[in-house]
1. Per 5 Å bin, what is the whole-percent P(r) computed from every C-alpha pair distance within region 399-454?
2. Check Gly257: other-chain or 5+ apart residues with amide H under 5 Å from its amide H, H built from backbone geometry?
3. Under a point spin-label approximation (7 Å from Cα along Cα-to-Cβ), what is the Leu29-Arg65 distance to one decimal in nm?
4. Once both axes come from the Cα atoms, what is the angle between helix 149-174 and the longest principal axis of the chain, in degrees from 0 to 90, rounded to 10?
5. Pull out the extension gain between Glu184 and Thr89, defined as 0.36 nm times the separation in residues minus the alpha carbon to alpha carbon distance; nm, one decimal.
6. Go through region 433-449 residue by residue and turn each phi into a ³J(HN,Hα) via Karplus (6.51, -1.76, 1.60, θ = phi - 60°); whole Hz please, and just put x for glycine and proline.
7. Rounded to whole Å, give me the distance from the Cα center of region 267-281 to that of region 349-403.
8. Roughly how tilted is helix 280-291, in degrees to the nearest 10 and between 0 and 90, from the longest Cα axis of the chain?
Amino acid sequence: MSAVLLGGFIVERKAFAFNSLAAAAALILCWDTNELFAVGFQLSFSVVGAILLLHEPTFRFLQRRFAADPFLPRSLFPARRRALNKGLTWIARAAAVSFAAWIGSLPLMLWYYHLVTLISLVANLVVVPIAFFVLAGALLSLVTAPFSSWLSVVFNNANWALTKSILAAVHLFAQLPGGHCYVEHPHRPSDALLEINALDLRSGAAMHLRAGGRDWLVDTGPARDYERVLYPYLRARGVNALDGLVLTHGDAAHLGGAAALLTDFRPRRLIDTATTDRSSLHRRFLEFAGNEKRAPRYCMAGDEFEISRDVTARVLFPPGNFQANRADDQALVVELVVAGRRRVLLMSDSGETTENWLLRNYSDLRCDLLIKGQHHSGVSGTAALLDCVRPQAIIATSRDFPDSERLKPEWIDDVRARGIQLIRQDETGAVQLRLFRDRWEATSYVTGEAFRSSSR
């Protein structure tokens, strides 16, 4: 765009800003049409277009707030007032550019990054003037390069320093509390009392619970999947802070991302199992949580905690002072009670030892939905447990390797023979569950397949 404007100046033709902007876009797209789909291209042209369109009206609006009487000769103003007017005029112009740039970027920031950055209204007052000098330096470098390479290098190095200062300023403003927030894409409101999103993290686990405007997370999955899956998912759902984090047990596939999540989302409540394990990762996390003044509440069988006004979590296992050799045998088993009815049983990676204990101590475990991982031995979801829970649907992880993480064909046949809907996450990917007062529905993220409750 600058090249087009300069070209008009060289041939002594009036250059119109919007024409120049359109010409710049056309030249770039002639070179590479894929640029149209690049976020940088869209942001650059939408921001510059908004500045051209909104800068002048915004400036005039702001100028009227401090402008002196236009009928008074400027020679009658004292030097102090004239200096003040010049300073206010500069601030008004900068603020007009900042506001226009923010408006131009806002729709794309919402669509691609789910982000509203109010702090950018202030940050642009610093960044935009520096960016002008960066552009000027780049043009000077191009002009001087044919006859003075060292002068071109000087301009390039100056641009490098200015660009580093822009990045430093942006980083500084981004750290200010309340300067930005994440928002979810607009959608039709749901009357679901509880929404559960069971993410697909291979042999790991992470479940996002949303109820009554509150956001809870059950486990965080492996550390390698936190930045790749969990963090962007939570931001896309408009989560800025969690109301609670539940850690079922201490293996890396379930709490690997817990330390990073504790820093990024600052959960107000932290729930952990009361049993001790031999996991060094679990111990390091608890030390980190202590340093962050995030002391967990240690829960055992019989404890309850509130997810929302309509949803209560009851801990069924483990009992106090329970000891086991494997972390999977110490995992929290949590029952979600929705509007007074037992609806969901979260089994984590529990196996036959845990299931036998539950059957000995609870005569009735009936729930609509059973969500389970795979026990390290490969044995879980026994026939006796299925008879006691009698779920309408089971959401289960399954992986080809190792063998213990794979759903066994005979178990799959037994589940289907009982008339239970089996939702395998190796086929469906992540699953969204929505629970209403008298029904439930599930949707696969990958296939779009829908499952619904049956009347019984």
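1. Here the calculated profile for region 399-454 is 4, 17, 21, 21, 23, 10, 3, 1.
2. Long-range HN contacts for Gly257: Thr220, Gly221, Ala223.
3. 3.7
4. 50
5. My answer for the length gained is 30.4 nm.
6. Using θ = phi - 60°, the values come out as 10, 10, 10, 9, 5, 10, 7, 9, 9, 10, 9, 7, 6, 7, 8, x, 5 Hz.
7. 22
8. 50
The numbers here are math on the coordinates, done by the rules we state, and not lab data. If you're wondering where the values come from, they're calculated on a predicted model, not measured in any experiment. Backbone-built Cβ (ideal geometry, glycine too); neighbour counts: all protein chains shown.
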